């Protein structure tokens with residue numbers, strides 16, 4: 001009997017990645033949705049006895065989707081597949097009725113264990129047919145490359161958020177990464193408007209491996225620094241300049257370390273890291289970025305706007321890749337994705 005299966009993720013790269021994990025022997029009819037609104041429509045149309053659901057999506061995210069499924073008692077088994085694997089995220093989704101919560105990226109072995117555990121399928125694991133079918137639909141277009149970069153960073157973002165949440169004991173709100181291919185002189189335009197009129201401080205760390213090089217910048221609004229110092233339990237030193245600098249460096253190291261480790265895992269490389277550098281304190285974001293980026297030409301800028309809403313804390317992680325690194329990243333992603 002054919003099982004209607006829905007893959008809901010705003011990334012076409014992630015949808016293909018999930019599809020190629022499904023064993024050939026599992027008799028399924030696959031459908032796809034780019035957000036929760038489309039997913040709800042598909043469930044109502046009978047296209048989703050089983051759904052693999054992402055969390056961070058536009059229009060309707062995973063939390064909102066699960067809430068609708070529960071409130072309307074829609075007939076669908078939901079397995080969350082997300083880059084955000086914070087314990088609180090897992091608890092919230094399981095409380096809403098998801099049967100399992102899996103870390104991205106999904107692979108065939110992980111999926112087989114899950115399908116067997118829930119009695120959905122227990123036959124041959126081979127997914128050679130699915131892989132070949134997905135590979136035929138993959139085109140090396142600019143849009144597909146940007147989508148692949150976005151998904152790459154989505155997973156790395158989640159890993160960094162998980163580490164930060166564990167250390168601080170706070171839930172970290174994770175966004176959809178903002179990806180732009182721009183000239184270096186336009187770099188300040190890649191940063192959210194929230195920083196445009198604020199004084200900021202920034203820390204930079206470079207990384208390189210296998211012909212891929214880049215830079216990670218963590219940018220803090222000065223208006224939030226006292227809150228970060230308090231969160232790190234530095235006593236009554238929230239307004240002390242030395243403690244603020246220490247807090248800035250500590251949070252930067254946590255974020256960039258976890259994020260770069262996740263990028264290394266996905267690209268199957270081992271990045272060497274430079275020592276962190278303080279780019280500036282109490283300056284305009286445009287001044288810091290334009291002065292720093294003058295040595296770059298065209299680049300890919302990926303912005304991740306982390307937030308701890310309960311503490312009124314927000315900061316940006318900005319990943320920069322020069323043009324010559326972009327095709328190498330995409331090639332490694334596709335090679336890893338379709339390796340037999």
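Pull out all pairs, ordered by first then second residue, where Cβ-Cβ is under 6 Å, the residues are six or more apart or on different chains, the first lies in the range 328-340 and is in a loop (DSSP other than H, G, I, E, B), and the second is modelled with pLDDT under 65.
Qualifying pairs under 6 Å: none.
Any idea which of 169, 119 is under 20 Å from residue 52 (Cα atoms) and surrounded by fewer than 21 Cβ atoms within 10 Å (Cβ to Cβ)?
Just one listed residue meets the conditions, 119.
Identify the residue in the range 226-239 that is at pLDDT below 80 and surrounded by 15 or more Cβ atoms within 10 Å (Cβ to Cβ) and, among all such residues, is farthest from the chain's Cα centre (by Cα).
The selected residue is 237.
Does residue 187 satisfy the criteria of being more than 13 Å from the chain's Cα centre (by Cα) and at pLDDT below 85?
yes
When residue 113 is evaluated against the numbered criteria (1) over 25 Å from residue 176 (Cα atoms); (2) touching a helix residue (DSSP H, G or I) at 6+ places or on another chain (Cβ under 8 Å), which criterion, by number, is the only one it fails?
Condition (2) is where residue 113 drops out.
Of the conditions (1) modelled with pLDDT of 85 or more; (2) buried (at least 17 other Cβ atoms within 10 Å of the Cβ); (3) part of a helix (DSSP H, G or I), residue 246 fails just one. Which one is it?
(2)
In the range 96-113, what residues are part of a helix (DSSP H, G or I) and touching a residue at least 60 places away in the same chain (Cβ under 8 Å)?
Across the range 96-113, the qualifying residues are 108, 110, 111, 112.
The values are calculated or read from the model by the stated rules, or taken from the named source; none is laboratory data. Worth saying up front: this structure is predicted, and the values here are computed from it rather than measured. Positions of Cβ are backbone-derived with ideal geometry, glycine not excepted, and every protein chain shown enters the neighbour counts.
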